[in-house]
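Single-structure report; data block below.
The values are calculated or read from the model by the stated rules, or taken from the named source; none is laboratory data. This structure is a prediction, so every number in the text was calculated from the model and none was measured. Cβ placement follows ideal geometry from the backbone for every residue including glycine, while neighbour counts extend to all protein chains displayed. All accessible areas refer to the heavy atoms of the entire protein, side chains included, with ligands and DNA or RNA removed. Shrake-Rupley method; radii C 1.70, N 1.55, O 1.52, S 1.80 Å.
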Amino acid sequence: MSEFKNTATLLRFFILICYLTVGTYIIARQRGESVEMIFREFGDKAHPTIILLHGGGLSWWAFADIIPLLKEKYHVVTPIIDGHGDDGKTTFISIEESAQKLLQYIDTNFKGNVHALCGLSLGGQIIIDVLSRRVDIAKYAVIESAMVIPPGSLTRLLAKSSGMFYGLIRYKWFAKLQAKALYINENLFNQYFDDSKKMSKESLVNISLSNVGYTVPDGLKYSKTNVMIIIGGKEMKIMDKSARKLISILPQAQLCKNPGMKHGELSLARSKEYIALINRFIE
């Protein structure tokens, strides 16, 4: 009964997932057998490296307020997940493939280890997969609003049907509704709208199905990384269950539940609070 009662909320949530997630930068590409991933870099490479991974439907610019607050002390890398923004022509295949490409990039450029990995939603799921594959890939990891428990049957059906809503991305009125829900600043709206239109229908469907079907790999329990898990107090109950699932696998991890906050609100809308939190954790 409650599943049907929340149909509108779930539909909105999964549309968001499909389109959901300052200074001089360098663009680098990591080529794999089938796709390539774009990475943007900020700050001095001599500093410890932090990788920030955006949520579905967003891109590196989702961290526009965060990058300046980090780059003075850290070398900041912001990957663009396949199928998003400047990499819209590359089809998103799966969370697992994205994790493998991130690992290849870290191995090639940082000798297999970075200071911290931070990911939101879809980006958080990719970070989980990376931690599961390499026990010492990072000293710290911050995972925000990552779902690891498959939802109910109705939600899965909505995810499978996500392609039906593909045409809506062409309409500015729809994009404005999504931008508001994603806490996108007005000065970034045109960037968001343009990037949304670059996503292919195939990527949209693959992102949605990967997100709702993702479960924690067995290897996560062996991770040596210090982990913080962040969720908002106003998120769907399945996000709270997912956070507690992660804590059960990583009992040493810290859980930060922010009362009154919605999905992704901390990093997307409260950058100073987010920075203060992770600085205390990773320093």
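Rolling a 1.4 Å probe over the heavy atoms of the protein chains gives segment 176-272 an accessible area of 52 Å² per residue.
Going by accessible surface with a 1.4 Å probe and the largest first, W60, W173 read W173, W60. The distance between label points at Y183 and K201 comes to 3.4 nm (points 7 Å beyond Cα on the Cα→Cβ vector).
Can you bin segment 42-139 into rounded, prolate or oblate? Criterion: square roots of the alpha carbon gyration tensor eigenvalues sorted a ≥ b ≥ c, rounded for a/c under 1.5, prolate for a/b above b/c, oblate for the rest. Oblate.
Rounded to 0.05, the FRET efficiency of the H115 and D86 pair, given R0 = 22 Å and the Cβ-Cβ distance, is 0.30. Taking 0.36 nm per residue of separation and subtracting the current Cα-Cα distance, fully stretching the chain between D240 and R280 would add 12.1 nm.
If R0 is 35 Å, the Cβ-Cβ spacing of I247 and D107 corresponds to a FRET efficiency of close to 0.75.
Working from label points 7 Å from Cα in the Cα-to-Cβ sense, the R170 to D44 distance is 5.0 nm. Taking every protein chain into account, the 1.4 Å probe leaves V77 with about 0 Å² of accessible area, to the nearest ten.
First compute the accessible area of segment 244-283 with a 1.4 Å probe, then give the percent of it belonging to carbon and sulfur atoms. With neighbouring chains kept in place, the figure for segment 244-283 is 49 percent. Normalised per residue, the accessible area of segment 93-153 is 29 Å², obtained with a 1.4 Å probe and no contribution from ligands, DNA or RNA.
Exceedance of the 19 Å cut-off in Cα-Cα distance is limited, within the set K111/K139; K139/K224; K172/K198; K101/K224; K221/K241, to K101/K224.
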